[in-house]
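J.: Submitted below is the structure of interest, expressed as structure tokens.
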Amino acid sequence: MDQIRIGKFIAESRKSKGLTQRQLADALSISDKTVSKWECGKGLPEVSLMLPLCAALEITVNDLLSGEKVSSMEYQKKAEGNMMNLMQENEENRKRMALSVITVAITVIAVGALVVIAAYMDLPAVARVLLIVGAVFVAAAGIAAGAMLDRKAGYFECPHCKELFVPSMDAYIKGYHTFTKRRLTCPKCGQTGMCKHRVTR
């Protein structure tokens, strides 16, 4: 999905209806910051908001996902293209999730091997220190790579308003987590909670 194109289309459609971001946000019971985020191409409306948004702007969901008004002749073609884009996005998210798990697993094995070698092999003190420093470096690099892949592998769902969002890297790192949830602040309702990680919309 071309978020920037969709965002520009939302802005154009809103302005053509003579609505401010605040007025559109009030009609959808969301914050004007959420509308601004969409229009800047920094996110897409969650599925539950697409129909109300389209109704407010007098456009179709197909128009919204295409980022333009779709003629009746092109409707079927665009609908199929949009469906394929959603499927491709979900597939890419699954791949990122798998890569994240693999990266963390390889990191754990590599760090474990370096620590075992440093602890049990008969090595000079300098070599032992270098192995330990190397283990720390590998751990840091592996965790960072895994975190970047995991953050972009899908979305986090707010437990309060069900908004789907991708957190900033800073919020992602600072939020404590379980295997499937992370404590984050929702950009829509502003509440903090354990947000479930979802690979697909």
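The values are calculated or read from the model by the stated rules, or taken from the named source; none is laboratory data. These figures come from a predicted structure and were not determined experimentally. Reconstructed Cβ throughout: ideal geometry from the backbone, glycine too, with neighbour counts over all protein chains shown.
J.: List the pairs whose first member sits in segment 2-19 and is more than 22 Å from Asn85 (Cα to Cα), whose second member is of a type in the set (Ser, Thr, Tyr) and surrounded by fewer than 20 Cβ atoms within 10 Å (Cβ to Cβ), and whose Cβ atoms are under 9 Å apart, counting only residues at least 6 apart or on separate chains?
T.: Pairs that qualify, where the first residue is more than 22 Å from Asn85 (Cα to Cα) and the partner is of a type in the set (Ser, Thr, Tyr) and surrounded by fewer than 20 Cβ atoms within 10 Å (Cβ to Cβ), are Arg14/Thr20.
J.: For segment 15-29, which positions are on the phi < 0 side of the Ramachandran plot and assigned to a loop (DSSP other than H, G, I, E, B)?
T.: Across segment 15-29, the qualifying residues are Lys17, Leu19, Thr20.
J.: Before we move on, is Gly134 over 30 Å from Ile30 (Cα atoms), at pLDDT below 90 and of a type in the set (Gly, Ala, Ser)?
T.: Here the answer is no, as Gly134 does not meet what is asked.
J.: Also, I was wondering about something else. If you check every pair at least six apart or on different chains, which have Cβ atoms under 9 Å apart with a residue in segment 76-91 that is among the aliphatic types (A, V, I, L, M) first and a residue that is not in a helix (DSSP H, G or I) second?
T.: Here the result reads Ala79/Val70; Leu86/Met1; Leu86/Thr200; Leu86/Arg201, each pair linking segment 76-91 to a residue that is not in a helix (DSSP H, G or I).
J.: Also, quick follow-up: Give the residue, chosen from Leu64, Leu57, Leu86, that is closer than 19 Å to Glu157 by Cβ, of a type in the set (A, V, I, L, M) and not assigned by TED's automatic domain parsing to the domain that holds Phe179.
T.: The unique qualifying residue is Leu86.
J.: Being touching a strand residue (DSSP E or B) at 6+ places or on another chain (Cβ under 9 Å) and at pLDDT below 90 is true for just one of Thr180, Thr185. Which residue is that?
T.: Criteria check complete, one pass: Thr180.
J.: If we keep just the residues of segment 161-201 that are free of Cβ contacts under 8 Å to residues at least 40 places away in the same chain and among the polar types (S, T, N, Q), which is farthest from Ser100 (Cα to Cα)?
T.: Across segment 161-201, the extreme among qualifying residues is Gln191.
J.: Would you check if Pro124 is assigned by TED's automatic domain parsing to the domain that holds Gly146 and either surrounded by 14 or more Cβ atoms within 10 Å (Cβ to Cβ) or modelled with pLDDT of 85 or more (or both)?
T.: Here the answer is yes, as Pro124 does meet what is asked.
J.: Which helices (runs of 4 or more DSSP H) does segment 58-156 wholly contain that include 3 or more residues that are of a type in the set (Asp, Glu) and closer than 25 Å to Arg182 by Cα?
T.: 75-120
J.: When the residues of segment 1-56 are narrowed to those that are acidic (Asp, Glu) and surrounded by 18 or more Cβ atoms within 10 Å (Cβ to Cβ), which ends up farthest from Glu68 (Cα to Cα)?
T.: This residue is Glu46.
J.: Kindly indicate whether Ala79 is buried (at least 16 other Cβ atoms within 10 Å of the Cβ) and touching a helix residue (DSSP H, G or I) at 6+ places or on another chain (Cβ under 9 Å). Break it down into steps so the answer makes sense when it comes.
T.: Details: buried (at least 16 other Cβ atoms within 10 Å of the Cβ): yes; touching a helix residue (DSSP H, G or I) at 6+ places or on another chain (Cβ under 9 Å): yes.
Yes: the conditions hold for Ala79.
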